[in-house]
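Here is the structure we will look at.
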C-alpha cells in the first residue's frame, strides 16, 4: 500500500503544507517523470486508505516517516521503494528559488505553465541531491495511511522529495 502519514508535508505554491489539511482542488507541485518538468496541478482531498507500519528514513537534511512501498526518485537508480533505499542513495529533492539551498543546486528548472485557472506566482525551482544516512522500520505498530489523487502527473513532492503515487 502506498501512502503517507497525515502530518507529511506536501510542496505547494504556498510552501510545505500538511497532507491532512489539503482540500479538494488545492494546488500542489508535481513532476512529469519522463521530461522532469515541474508543474502545478490540483489535488483531491486526502483520505485514509488503510493502516501500515512506518519506515524511518534519515537523510542529510530531513527525517521522513513513510510506508516501505513509497517510491522515491533517486539521482542514480530511478524509482526506489523506501524499504529498499540504502545509505548513500541520493534522493531527488525539489527546492524553490526562494529556498535557502541555492548554492547546492544541481539542475535549474523552470516551472511549467500550470492550469490556466492558476492565478498565483510562478517561481523557478531546482533539484538537489540529499543523501540517505539511515533507513529502518520504526515499529510494527500500524498507523493511519493517507493518500491523495493528483489531476495530471502522478508524482508529487513530500518534504520536497519526488515521490510517485
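Return yes or no: is residue 36 assigned to a strand (DSSP E or B), farther than 15 Å from residue 150 by Cβ and either in contact (Cβ under 8 Å) with a residue 24 or more places away in the chain or touching a helix residue (DSSP H, G or I) at 6+ places or on another chain (Cβ under 9 Å) (or both)?
So residue 36 fails the test.
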> What residue, of 124, 84, is over 21 Å from residue 44 (Cα atoms), surrounded by 12 or more Cβ atoms within 10 Å (Cβ to Cβ), at pLDDT 85 or above and out of contact with any helix residue (DSSP H, G or I) (no Cβ under 7 Å at 6 or more places or on another chain)?
Replying inline: 84
>> Just to verify a result, which residue in region 15-41, among those that are closer than 18 Å to residue 162 by Cα and over 15 Å from the mean Cα position of the chain (by Cα), is surrounded by the fewest Cβ atoms within 10 Å (Cβ to Cβ)?
In response: 34
> For region 50-69, what are the residues that are in contact (Cβ under 8 Å) with a residue 40 or more places away in the chain and surrounded by fewer than 20 Cβ atoms within 10 Å (Cβ to Cβ)?
Replying inline: 50, 51, 52, 53, 56, 58, 60, 61, 62, 65, 68, 69
>> Considering only residues that are in a loop (DSSP other than H, G, I, E, B) and under 15 Å from the mean Cα position of the chain (by Cα), which ones fall in region 42-69?
In response: 46, 61, 62, 67, 68, 69
>> residue 72 - would you say it is crowded, with 20+ Cβ neighbours inside 10 Å and either modelled with pLDDT of 85 or more or at positive phi (or both)?
In response: yes
>> Looking for something modelled with pLDDT of 90 or more and more than 18 Å from residue 7 (Cα to Cα) - is there at least one such residue anywhere in region 88-108?
In response: yes
> Where residues in region 127-165 are more than 16 Å from the chain's Cα centre (by Cα) and part of a strand (DSSP E or B), which of them is surrounded by the fewest Cβ atoms within 10 Å (Cβ to Cβ)?
Replying inline: 136
> With (1) more than 17 Å from residue 61 (Cβ to Cβ); (2) at pLDDT 80 or above as the list, and residue 130 as the residue in question, which single condition is left unmet?
Replying inline: (1)
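The values are calculated or read from the model by the stated rules, or taken from the named source; none is laboratory data. The structure presented is a predicted model; accordingly, all values stated were derived computationally and were not measured. Using ideal geometry, Cβ is built from the backbone for each residue, glycine included, and neighbour counts are taken over all protein chains shown.
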